[in-house]
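Participant: Have a look at this one.
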Ligand SMILES: [Zn+2]
Ligand SMILES: [Zn+2]
Ligand SMILES: [Zn+2]
């Protein structure tokens, strides 16, 4: 079974036609999409899909960890599908076409080591305890560099 659908089920979310189409659109586009753009694409399949219900589903998907809110164009919110959604990762987003690549660099020993040392220093300096971090990489994908 499709791991996304499986994750929906595990989170108590029923598999509806709208949810399936949202996942399909993301998988086909492999890009970061604003809710408006996503809605446009969904309406080719489900003409009456409403913006509000797409929003609601994205929020459910976010809680289930299969999509992530990404900021594009000066902090405008959009969403990207997560591929390795079970593990800690980051997104590298193309600022020209919106393509989203996933990076699990923090899982690599030396990055994790450097980060935890940096976080320990932060605790010493500011007394702030880091529990989680968010990192978004921006740039141009291979196709957009040509
Ligand atoms: Zn993600
Ligand atoms: Zn690109
Ligand atoms: Zn990380």
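Participant: Go through segment 102-146 and report how many residues are part of a loop (DSSP other than H, G, I, E, B) and loosely packed, with under 12 Cβ neighbours inside 10 Å. Lay out the reasoning, then the answer.
Facilitator: Just the residues of segment 102-146 that are part of a loop (DSSP other than H, G, I, E, B), to begin with: 104, 108, 127-135, 140-142, 146.
Within this subset, residues satisfying the condition of being loosely packed, with under 12 Cβ neighbours inside 10 Å are 108, 127-129, 131-134, 142, 146.
Of the residues in segment 102-146, 10 are part of a loop (DSSP other than H, G, I, E, B) and loosely packed, with under 12 Cβ neighbours inside 10 Å.
Participant: Tally the residues that are more than 16 Å from residue 6 (Cα to Cα), touching a helix residue (DSSP H, G or I) at 6+ places or on another chain (Cβ under 8 Å) and crowded, with 19+ Cβ neighbours inside 10 Å, restricting the search to segment 59-88.
Facilitator: 4
Participant: What's the total number of residues in segment 16-38 that are in a helix (DSSP H, G or I) and over 11 Å from residue 80 (Cβ atoms)? Step through it out loud before you land on a result.
Facilitator: So the first thing to find is which residues in segment 16-38 are in a helix (DSSP H, G or I), and the list is 17-29, 35-38.
Now restrict to residues that are over 11 Å from residue 80 (Cβ atoms): 17-25, 27-28, 35-37.
So the answer is 14.
Participant: Moving on to the next point. From 105, 143, 92, grab the single residue that is within 16 Å of ligand 1 (Cβ to nearest atom), farther than 30 Å from residue 16 by Cβ and at pLDDT 85 or above.
Facilitator: On the way: 105 fails: at pLDDT 85 or above; 143 fails: within 16 Å of ligand 1 (Cβ to nearest atom).
Of 105, 143, 92, the one residue that is within 16 Å of ligand 1 (Cβ to nearest atom), farther than 30 Å from residue 16 by Cβ and at pLDDT 85 or above is 92.
Participant: Just need a number here: residues in segment 5-17 that are more than 16 Å from residue 59 (Cβ to Cβ) and under 20 Å from the mean Cα position of the chain (by Cα). Give the derivation first.
Facilitator: If we filter segment 5-17 for residues that are more than 16 Å from residue 59 (Cβ to Cβ), which is where we start, we get 5-6, 9-10, 15, 17.
Pick out the ones that are also under 20 Å from the mean Cα position of the chain (by Cα) and you get 5-6, 9-10, 15.
Qualifying residue count, segment 5-17: 5.
Participant: Residue under question is residue 42, and the condition is that it be more than 16 Å from ligand 1 (Cβ to nearest atom) and assigned to a loop (DSSP other than H, G, I, E, B); does it hold? If you could, list the steps in order and put the result at the bottom.
Facilitator: On the way: more than 16 Å from ligand 1 (Cβ to nearest atom): yes; assigned to a loop (DSSP other than H, G, I, E, B): no.
Here the answer is no, as residue 42 does not meet what is asked.
Participant: Can I ask one more? For segment 62-85, name all the residues that are within 12 Å of the chain's Cα centre (by Cα) and either without any contact (Cβ under 8 Å) to a residue 40 or more places away in the chain or within 16 Å of ligand 3 (Cβ to nearest atom) (or both).
Facilitator: Listed by number, the residues that qualify are 62, 65, 68, 69, 70, 80, 82, 83, 84, 85.
Participant: Continuing with the same structure: Among the numbered criteria (1) surrounded by 14 or more Cβ atoms within 10 Å (Cβ to Cβ); (2) over 17 Å from residue 140 (Cα atoms); (3) in contact with a helix residue (DSSP H, G or I) (Cβ under 8 Å, 6 or more places away or on another chain), which one does residue 94 miss?
Facilitator: Failed condition: (2).
The values are calculated or read from the model by the stated rules, or taken from the named source; none is laboratory data. Here the structure is a predicted model, which is why all the values come from computation and not from measurement. All Cβ positions, glycine included, derive from the backbone under ideal geometry; neighbour counts span all protein chains shown.
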